[in-house]
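Data first, discussion second: the structure below is written as structure tokens.
The values are calculated or read from the model by the stated rules, or taken from the named source; none is laboratory data. Only a predicted model underlies this, so the values are computations on that prediction, with no experimental measurement involved. Here the Cβ positions follow ideal geometry from the backbone for every residue, glycine too, while neighbour counts run over all protein chains shown.
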Amino acid sequence: MNLTAIAEQYGTPAYVYDLAAIRAAHADLTAMLPASAKLYYSLKANPHPLVVEQLYRLGCHAEVSSAGEIDAALAAGVHAEHILLTAPGKSTATVRHALRHGIRRFSLDSPVDLRRVAALAEQAGTDVRCLLRVNADQPVAGLGLTMTGAPSAFGADASWIEADPAQFRGGGRVRIEGLHLYMGTNITDEDALVAQFDTAAATAERLRPVLGELIEVDLGGGFGAPYAHEGSRALWPSLRPRIEQVLDRRLAGWRDAHPAVAFESGRYLAGSSGSLLCGVVDVKSSKGKTFVVLDTGINHLGGMAGLRRLPPLRPALVAADRPSGRPQVRTTVVGPLCTPLDTFLREADFPEVRPGELLVVPNVGAYGLTASLLGFLGHPTPVEIVCDGDTVRDVSHLVLGRVPGPHDTAVRTDPALGSLV
Ligand SMILES: *Cc1c(COP(=O)(O)O)cnc(C)c1O
């Protein structure tokens, strides 16, 4: 892929995703997991239809969390039977939307969530098969952003399920057929990955007698990958045998798919496939400091940066003339938004650049455009270009528009459901 030629042809800002890189990431990840494992692709990382379609063709199922992601998965050709709806806050409207489109698998977060899905499945006259999302009782050593073992909006505490199993057993149209144990994101240390899968499998082992037969245990993932700076994906050479040891110890029967084990990934599968091409709009000095102003910012990348949830986003210079030979200057790199939060890089050494030049932010195939402040200030959305190696497969852009009337997937009071408590 020649990024300069792409920028000349399609302009900036532009996201470029390479399907060949997605295939490489998928091959690497599946080689590091037990051969029989199911892998879900989490659409929140990148819901572009060609990205989703590529991963589905490779055998991934889809993990979705909203009406929009359901629509994106279906539009990419994913069969409803291969879609799992997860997340806290599955509203009546979201569950209805899922059922109407043939989705029958849900990850349930609480007794209220279970009763809501049960009532709506009953109304729809259809059976559903559900995983229980579980919050393990201990935190996992070495995990940064921990989503387990601490008070959490995600899932139900393992101790709650043990203490009051009747609330979680399903019945009627709902069959509880497994567990969902997603624990954290962006874990790059093999020991930490193994430790979380051990905690997940131990939790499943503990709940197995309480819940009865488990058809599927989704052990989560959180496989880390570089984000918005140069670098390559980690490989964990012993991950697969170590996971298999954990499963042999904790989950008897898994080798015969009783239960089947599953993993989830967004970042690892999609992250390295994407780059954001940015144009330099201005270079100026203020009180002795150098500012480089780009045509794209946290409206298109790193919308969570303002919450201090992200490390600096580090663009690299794409230049025909000796990019590495440029003098380094202390530079602050900002986007076009009228807020000081719109800063990619603050007073860091950076090659001297000129207005009109091209920068690229690498490794942003996951948590790029749709994880950003798309509507803020109303700049046009970047064009998204999907390549397969040197071939351009698709060029399109999202629109943020206004149409009359309320949303057909809005949450409204539903007298038929009454109180779910
Ligand atoms: C966000 C999320 C994922 C994907 O996480 P990555 O770190 O991108 O792999 C998977 N499962 C659940 C439940 C999530 O919330």
Pairs where the first residue, in the stretch 404-421, is modelled with pLDDT of 75 or more and the second is in a loop (DSSP other than H, G, I, E, B), C-beta under 9 Å, 6+ apart: P406/R412
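Filter the stretch 205-234 down to the residues that are of a type in the set (A, V, I, L, M) and more than 16 Å from the ligand (Cβ to nearest atom), then identify the one that is nearest to N135 (Cα to Cα). Steps first, answer last, please.
We begin by selecting, within the stretch 205-234, every residue of a type in the set (A, V, I, L, M); these are 207, 210-211, 214-215, 217, 219, 225, 228, 234.
Of the ones still in play, those that are also more than 16 Å from the ligand (Cβ to nearest atom) are 207, 210-211, 214-215.
Details: L207: 12, V210: 16, L211: 15, L214: 17, I215: 19 Å.
Once the filter is applied, the top-ranked residue is L207.
One line per residue, one yes/no per condition, for (1) touching a residue at least 40 places away in the same chain (Cβ under 8 Å); (2) within 16 Å of the ligand (Cβ to nearest atom); (3) within 30 Å of S285 (Cβ to Cβ):
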site	(1), (2), (3)
T370	yes, yes, no
F376	yes, no, yes
P382	yes, no, yes
R393	yes, no, no
With respect to L219, is the statement that it is hydrophobic (A, V, I, L, M, F, W, C) and closer than 19 Å to D137 by Cβ true? yes
If you go through the stretch 191-202 one residue at a time, do you hit one that is out of contact with any Lys or Arg (no Cβ under 7 Å at 6 or more places or on another chain), under 24 Å from D109 (Cα atoms), surrounded by fewer than 20 Cβ atoms within 10 Å (Cβ to Cβ) and of a type outside the set (G, A, S)? yes
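Do we have E69 as among the acidic types (D, E) and out of contact with any strand residue (DSSP E or B) (no Cβ under 7 Å at 6 or more places or on another chain) here?
On the way: among the acidic types (D, E): yes; out of contact with any strand residue (DSSP E or B) (no Cβ under 7 Å at 6 or more places or on another chain): yes.
Yes; evaluated as a whole, the condition is true for this residue.
Only residues that are surrounded by fewer than 16 Cβ atoms within 10 Å (Cβ to Cβ) and either at pLDDT 95 or above or within 16 Å of the ligand (Cβ to nearest atom) (or both): list them for the stretch 125-141, please. So that I can check it myself, show each step before the final result.
Keep residues of the stretch 125-141 that are surrounded by fewer than 16 Cβ atoms within 10 Å (Cβ to Cβ), which gives 125-127, 138, 141.
If the condition is that a residue be surrounded by fewer than 16 Cβ atoms within 10 Å (Cβ to Cβ) and either at pLDDT 95 or above or within 16 Å of the ligand (Cβ to nearest atom) (or both), then G125, T126, D127 are the ones that fit.
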Please specify each residue of the stretch 252-282 satisfying the condition of being within 16 Å of the ligand (Cβ to nearest atom) and of a type in the set (S, T, N, Q). S265, S272, S273
If you take just the strands (runs of 3 or more DSSP E) that sit entirely in the stretch 222-323, which of them hold at least 1 residues that are modelled with pLDDT under 95 and within 30 Å of P355 (Cβ to Cβ)? 316-318
Pick from the stretch 39-62 the residues that are touching a helix residue (DSSP H, G or I) at 6+ places or on another chain (Cβ under 7 Å) and assigned to a strand (DSSP E or B): which of them is surrounded by the most Cβ atoms within 10 Å (Cβ to Cβ)? Y41
Determine, yes or no, whether T4 is more than 16 Å from the ligand (Cβ to nearest atom), of a type in the set (S, T, Y), surrounded by fewer than 24 Cβ atoms within 10 Å (Cβ to Cβ) and not in a loop (DSSP other than H, G, I, E, B). yes
